[in-house]
Amino acid sequence: MKKFFTRLYVVLIFILLYAPIGVLIAFSFNNSKTRAKWGGFTFKWYIGMFRNAEIMEALRNTLILAFVSAFIATLLGLMACLSLNRMKKRKRSIVLGILNIPMLNADIVTGISLMLVFIAFGQFLSRYGYTIVFGFGTVLLGHITFNIPYTVMSIMPRVQGINPSTYEAALDLGATRSEAFRKVVLPDILPGVLSGFLLAFTLSLDDFVITHFIKGPGFDTLSTKIYTEVRKGIKPEMYALSTLLFVGVLLLMFGIEKGRNARKKSQQYH
Amino acid sequence: MRCKEAVMKRKQNPLLTGPYLVWTAAFIVIPLILIVFYGFTDADHHFTMDNIMRITDPVTLKALGLSLLLSALATVICLILAYPLAMILARMKNGASAIITTIFIIPMWMNSLLRIFAWQTLLERNGVINQMLAFFHLPPQHLINTPWAIALGMIYDYLPFMLLPLYNALTKLDWNVVNAAYDLGANKRQTFFRVIVPLTMPGIVSGITMVFVPALTTFVISDFLGGSKVLLIGNIIDQQFTQVGDWNVGSGLSLVLMVFILISMAIMQHYEKEEEGAANIL
């Protein structure tokens, strides 16, 4: 009896989480203009979506932005971890505290504060004849900023786990400093670096609020495009987009899970 | 060992430290200073409290109250829904547990705007739920553009954020301690409230913060599910920046919002510390 209720509970929450997504998927194949009625099966919204230049442009922007911002944030995060590790404890906790602000603060405040700073920088630069255009550049700077704390969070435990003796042993054995770093230190921290990159990538893909305030007119990511489209009214292409994004996430998550299992198994054999 | 660490600490490479310190100053510290500056000044850069006091405007005050109420409600319901689920998942056999938990976390990685859009489709006047009611010859319900629709959207959107930290805390829990409590004569209730909950307090605290702060400050959920009829404090701030263009008032209201975030964090940290202390004594 108890087992029945636990199963029922798990199934009910599963339905709560997935029913809305199921509805999105069903409507993406609905051949009817009003979304209330079922008018037969169609692929036309998918075709319409792929032909919609604005959606495709937003998709491209989103992917480039996610990749570049994750890459730079990982690099900066790695540098931060390596130098924080050498700091005195007090100074380190202060710097880490400031670095973590975008992670703890509300997105709307981070977005607004970045918007204000870009305007202020713009006013300052205009004295010297330069201008700041709100668009890809400002959004990229914003995404890197909110990604850094997450990359630091992933990399820091690995860096703290390094045994400094191995690095020094490599130096004693005649390795140059860069060789010692690449061949001794880097392999130890690489898993943290990779998971930091992945986390930053997905966070950048998903962000709406911060982008909303710093994007400027004429530049869109998928999230901001969805926002304007949904506010305008019925757009069946959005259902098609939802379905494709959901399938993408599903494949990615199970790919990661499978990779993790395979790694675990291979570790067991060693 | 200590000596070697000291040697490493002396070698601070400015090329390593420089870039992210400059970055932090330019894009974290200066932006926050700017919000404080705009919040406490008027258009001519003179000091004023008017922007902060705008919170006492009836519409704004009502929006703040509704935000606090709905986000607290959503947080409590998320906790009540997620805790039993996290316990069930954490007690499953190893292989099944990871896969099934992944299934419950997956919606978190889907674009959150589209997930709220899905609820718009369900709750609308001619939406899926009202269609189903009509099929059973029941009268249609006014579901969308109500505070309840927004609360539902919050619960749906943030449930995985509550589930994940609870699940992590519960998988780390040493169930021998729970069994020991039973052996020593505690009943189920006592064991749950005096052993399991205190030991998973860090998970509860981070779950609550991960739901409460975004729910308190959201404007997307109220935009999609509240129409323009139900306003949250996030909507008012968003309007000040994107429609009215009054950065001073917008910054002032953001500062008020930040005070509430800081208060909630302070309360949460207090509980986390207290329970850690108790756990150490155990």
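Here's the yes/no breakdown for (1) modelled with pLDDT under 90; (2) among the aliphatic types (A, V, I, L, M):
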{"residue": "B:P165", "(1), (2)": "no, no"}
{"residue": "B:A181", "(1), (2)": "no, yes"}
{"residue": "B:G207", "(1), (2)": "no, no"}
{"residue": "B:T217", "(1), (2)": "no, no"}
{"residue": "B:V220", "(1), (2)": "no, yes"}
{"residue": "B:L225", "(1), (2)": "no, yes"}
{"residue": "B:S228", "(1), (2)": "yes, no"}
{"residue": "B:L231", "(1), (2)": "no, yes"}
{"residue": "B:W247", "(1), (2)": "no, no"}
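Checking each residue in region B:237-255 for being among the β-branched types (V, I, T) and within 11 Å of another protein chain (Cβ to nearest Cβ) picks out B:I237, B:T242.
Each row is one residue, and each column tells you yes or no for (1) more than 26 Å from A:T221 (Cα to Cα); (2) at pLDDT 95 or above; (3) among the hydrophobic types (A, V, I, L, M, F, W, C); (4) surrounded by 14 or more Cβ atoms within 10 Å (Cβ to Cβ).
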| site | (1), (2), (3), (4) |
| --- | --- |
| A:G135 | no, no, no, yes |
| A:Q160 | yes, no, no, no |
| A:P164 | yes, no, no, yes |
| A:A175 | yes, no, yes, yes |
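Test A:G48 against the stated conditions and say whether it is assigned to a helix (DSSP H, G or I), in contact (Cβ under 8 Å) with a residue 24 or more places away in the chain, under 30 Å from B:P19 (Cβ atoms) and of a type outside the set (A, V, I, L, M). It is false that A:G48 is assigned to a helix (DSSP H, G or I), in contact (Cβ under 8 Å) with a residue 24 or more places away in the chain, under 30 Å from B:P19 (Cβ atoms) and of a type outside the set (A, V, I, L, M). Restricting B:I99, B:I106, B:I116 to those that are at the interface with chain A (Cβ under 10 Å from one of its Cβ atoms), assigned to a helix (DSSP H, G or I), in contact with an Asp or Glu (Cβ under 9 Å, 6 or more places away or on another chain) and crowded, with 17+ Cβ neighbours inside 10 Å reduces the list to B:I116.
For region A:69-109, how many residues meet the condition of being outside any helix (DSSP H, G or I) and closer than 12 Å to B:I28 by Cβ? Within region A:69-109, residues that are outside any helix (DSSP H, G or I) and closer than 12 Å to B:I28 by Cβ number 2.
A single entry from B:T56, B:T48, B:T17 fulfils the requirement of being over 22 Å from A:L114 (Cα atoms), among the β-branched types (V, I, T) and surrounded by fewer than 12 Cβ atoms within 10 Å (Cβ to Cβ): B:T56.
When each of B:N187, B:N235, B:N248 is tested for being over 20 Å from A:L17 (Cβ atoms), in contact with a strand residue (DSSP E or B) (Cβ under 9 Å, 6 or more places away or on another chain) and of a type outside the set (A, V, I, L, M, F, W, C), the lone residue that passes is B:N248.
Name the residue, out of B:A134, B:A151, B:A118, that is over 28 Å from the mean Cα position of the chain (by Cα) and aliphatic (A, V, I, L, M). It is B:A134. The sole residue among A:G48, A:G111 that is of a type in the set (G, A, S) and over 26 Å from B:F212 (Cα atoms) is A:G48. B:A72 meets the stated requirement of being touching a Phe, Trp or Tyr at 6+ places or on another chain (Cβ under 8 Å), more than 9 Å from chain A (Cβ to nearest Cβ) and more than 29 Å from A:F201 (Cα to Cα). Looking at region A:135-151, can you tell me whether even one residue there is among the β-branched types (V, I, T), within 16 Å of A:L82 (Cβ to Cβ), out of contact with any Lys or Arg (no Cβ under 6 Å at 6 or more places or on another chain) and assigned by TED's automatic domain parsing to the domain that holds A:A70? Checked region A:135-151: at least one residue is among the β-branched types (V, I, T), within 16 Å of A:L82 (Cβ to Cβ), out of contact with any Lys or Arg (no Cβ under 6 Å at 6 or more places or on another chain) and assigned by TED's automatic domain parsing to the domain that holds A:A70. The single condition from (1) buried (at least 19 other Cβ atoms within 10 Å of the Cβ); (2) over 22 Å from A:L205 (Cβ atoms) that A:V139 fails is (2).
A:I64 meets the stated requirement of being part of a helix (DSSP H, G or I) and in the same structural domain as A:T228 (by TED's automatic domain parsing). Restricting region A:17-41 to residues that are assigned to a helix (DSSP H, G or I) and within 7 Å of chain B (Cβ to nearest Cβ) leaves a set whose member that is farthest from A:G233 (Cα to Cα) is A:L17. Within region A:207-225, the set of residues being of a type in the set (D, E) and more than 15 Å from A:T145 (Cα to Cα) comprises just one member, A:D220.
Among the numbered conditions (1) modelled with pLDDT under 90; (2) part of a helix (DSSP H, G or I); (3) surrounded by fewer than 18 Cβ atoms within 10 Å (Cβ to Cβ), tell me where B:T121 comes up short. Only one criterion in (1) modelled with pLDDT under 90; (2) part of a helix (DSSP H, G or I); (3) surrounded by fewer than 18 Cβ atoms within 10 Å (Cβ to Cβ) is unmet by B:T121, namely (3). Applying the criterion of at least 3 residues that are modelled with pLDDT under 85 to the helices (runs of 4 or more DSSP H) found wholly in region B:1-73 leaves B:2-10, B:14-24.
Residues checked against (1) more than 8 Å from chain B (Cβ to nearest Cβ); (2) surrounded by fewer than 22 Cβ atoms within 10 Å (Cβ to Cβ):
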{"residue": "A:L75", "(1), (2)": "yes, yes"}
{"residue": "A:L78", "(1), (2)": "yes, no"}
{"residue": "A:K88", "(1), (2)": "no, yes"}
{"residue": "A:N100", "(1), (2)": "yes, yes"}
{"residue": "A:G129", "(1), (2)": "yes, yes"}
{"residue": "A:N147", "(1), (2)": "yes, no"}
{"residue": "A:S154", "(1), (2)": "yes, no"}
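For region A:48-68, indicate whether the set of residues that are facing chain B (nearest Cβ under 10 Å) and more than 19 Å from the chain's Cα centre (by Cα) is non-empty. There is no residue in region A:48-68 that is facing chain B (nearest Cβ under 10 Å) and more than 19 Å from the chain's Cα centre (by Cα).
The values are calculated or read from the model by the stated rules, or taken from the named source; none is laboratory data. Everything numeric in this text was worked out from a predicted model, so none of it was measured. No Cβ is skipped: glycine too gets one built from the backbone with ideal geometry, and neighbour counts run over all protein chains shown.
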